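Trainee: Starting off with a structure, shown below.
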Amino acid sequence: METAGNLILLRMVIAVVLIVAFVFLNALVMGYLERKLSARIQRRPGLMEVGPHGILQLLIDGFKLIGKQLIIPKDADRFLFRLAPLLSFVPVVLPLMVIPFSPKLQGRDFDIGLIFILAISSLNVMAILMAGWSSNNKYSLFGAMRSVAQNISYEIPMLLSLLAVILMTNTFSMQGIVQAQNKIWFFLVQPIAFLIYIVASFAETNRAPFDLPEAESELTAGYHTEYSGMGFSLFMLAEYANMFVVCSIATTLFLGGWRGIPLPFGEYSNAIWFLIKAYGLMIFMIWVRWTYPRTRFDQLMNFCWKYLIPFALVNLLVTAVLVKLL
Amino acid sequence: MRNSGYFKDLYVGGKSLIIGLGVTLKTCFLPQVTVHYPREKLEITPNYRGHVELVKDPETGESRCIVCGMCARACPSGCFTVKGEKKEGEKKKTLTVFRLDFTKCSLCGTCVETCPKGAIRYSMDYNIAGFTREEFHYDLIKRLEEKG
């Protein structure tokens, strides 16, 4: 009993270390992809200077950010100001514990895996509000308020669309949901839920066309205006990690998780399929970002309350009836 | 918004979003239009108007300028300093000083148009930068010797 507990603890420690490493790696890869793809869409070369095709640029940027002076504005709430970046970082790292990369590669498979992810990741809103409020800056506060309003509004259609899938699988366990898709991937059965989830996830991660918190022409940079150096980069890391979390939930719930053509070490190497699907979705997010203009705030709210929530509710109702009948 | 427009907005909006994605996907595979500047350079058009420079006369190998001072008089901002002297046994004046204060120049080109001998023209220099204002006070005679 004692050794079993120790083994579990050891497994958790290793998982946490790997996950934090993965979060940093993910930010490097995504930063590079984002800048390169945006360049392609605008028909320019993008990063070219550091290393072949600029692949070392993000590494150098990281060193630069570490070397920067940390500035705390006068009259800012120093404790909350320092705490906010860390607090925004934790809720995007913890959900990665329960994400099923492959049948074996998973920190821990909870029975309430999905609820755990959603509960933890909604803490992010608090970090944003703290960052905006403690900066003692009107723009930051406005940015934070917008961000919070948007995150809370879009959480509803997101949860409703996920609930439609949960009604079909009858489990909250992430592995269980992947197992339930051995016949058909759920985006074929639940196309409306998938669409609503994707749209809501754009808003949840504060990405274009819903990147109102960082509308630089009106609010300079939104809630992280006053942050410099690593404080700022923790917010950026959190944004990219949050994108990964959101995309891997979509992969797990709608795109069959780690399922794909069988590979030699299936229980481990199926993670390749998972990563291909998740990064495919993330590339789609970048593609969308460089296509659409930013929405106005009333349009944003109208879209959520007039379209997404009613459609999600109807979809949920239809799913419930069908599950009961079939 | 009236109820009648509800589904129409959804349809029209959704369609336009998909068309938008198509547009960016297409540009993704088109060739780049940006030039890697310091390494490659574009041909500049012969109509380019840089700061003025003196023209070398191919016969004499010297400047064509006859020190009439028309350019200095025509210049609305007074950029030019033109001086010459009459040497012993020569009919014409010789150019001794021809300076351009490029900080004041508005590139109107009146000097080039009024010059009776076609002794000044626009240079093709676009790559000019400096740390002090004095770096843009050009001695065009020296420049002609260096370039020619």
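The values are calculated or read from the model by the stated rules, or taken from the named source; none is laboratory data. A quick note: this is a predicted structure, and the numbers were derived from the prediction, not measured. A quick note on method: Cβ atoms are made from the backbone with ideal geometry, for glycine too, and the neighbour counts reach across all protein chains shown. Areas reflect the complete protein model, heavy atoms only, side chains present, ligands, DNA and RNA absent. Shrake-Rupley method; radii C 1.70, N 1.55, O 1.52, S 1.80 Å.
Trainee: Take residue A:251 and decide whether it is surrounded by 15 or more Cβ atoms within 10 Å (Cβ to Cβ), more than 27 Å from residue A:170 (Cα to Cα) and within 24 Å of the chain's Cα centre (by Cα). First the steps, then the outcome.
Mentor: Details: surrounded by 15 or more Cβ atoms within 10 Å (Cβ to Cβ): yes; more than 27 Å from residue A:170 (Cα to Cα): no; within 24 Å of the chain's Cα centre (by Cα): yes.
No, not satisfied.
Trainee: Looking at region B:110-127, which of its residues are surrounded by fewer than 16 Cβ atoms within 10 Å (Cβ to Cβ), of a type outside the set (S, T, N, Q) and either without any contact (Cβ under 8 Å) to a residue 24 or more places away in the chain or in a helix (DSSP H, G or I) (or both)?
Mentor: B:113
Trainee: In region B:13-60, how many residues are within 10 Å of chain A (Cβ to nearest Cβ), among the aliphatic types (A, V, I, L, M) and in a loop (DSSP other than H, G, I, E, B)?
Mentor: Looking only at that region, the number is 3.
Trainee: Any residue that is part of a strand (DSSP E or B) and farther than 30 Å from residue B:132 by Cα - is there at least one of those in region B:88-109?
Mentor: yes
Trainee: Here's a follow-up. If residue B:17 meets every condition in (1) without any contact (Cβ under 8 Å) to a residue 40 or more places away in the chain; (2) of a type in the set (A, V, I, L, M); (3) under 22 Å from residue B:127 (Cα atoms) apart from one, which number is that one?
Mentor: (3)
Trainee: Which of the residues belonging to region B:131-142 are surrounded by 11 or more Cβ atoms within 10 Å (Cβ to Cβ) and either modelled with pLDDT of 85 or more or more than 14 Å from residue B:62 (Cβ to Cβ) (or both)? Walk me through it before giving the result.
Mentor: Filtering region B:131-142 down to residues surrounded by 11 or more Cβ atoms within 10 Å (Cβ to Cβ) leaves B:135-142.
Within region B:131-142, B:135, B:136, B:137, B:138, B:139 qualify.
Trainee: Which of the helices (runs of 4 or more DSSP H) found entirely inside region A:251-326 contain at least 3 residues meeting this: among the small types (Gly, Ala, Ser)?
Mentor: Details: elements: A:266-269, A:271-289, A:297-302, A:309-325.
Where helices (runs of 4 or more DSSP H) fall fully within region A:251-326 and carry at least 3 residues being among the small types (Gly, Ala, Ser), they are A:271-289.
Trainee: Just need a number here: residues in region B:1-53 that are open to solvent by less than 90 Å² (accessible area, probe 1.4 Å) and among the hydrophobic types (A, V, I, L, M, F, W, C).
Mentor: Going through region B:1-53 one residue at a time, the tally reaches 11.
Trainee: Would you confirm whether or not region A:166-179 contains a residue that is within 19 Å of the chain's Cα centre (by Cα), touching a residue at least 40 places away in the same chain (Cβ under 8 Å), open to solvent by less than 10 Å² (accessible area, probe 1.4 Å) and under 30 Å from residue A:290 (Cα atoms)?
Mentor: Checked against the condition, which is being within 19 Å of the chain's Cα centre (by Cα), touching a residue at least 40 places away in the same chain (Cβ under 8 Å), open to solvent by less than 10 Å² (accessible area, probe 1.4 Å) and under 30 Å from residue A:290 (Cα atoms), region A:166-179 yields no hits at all.
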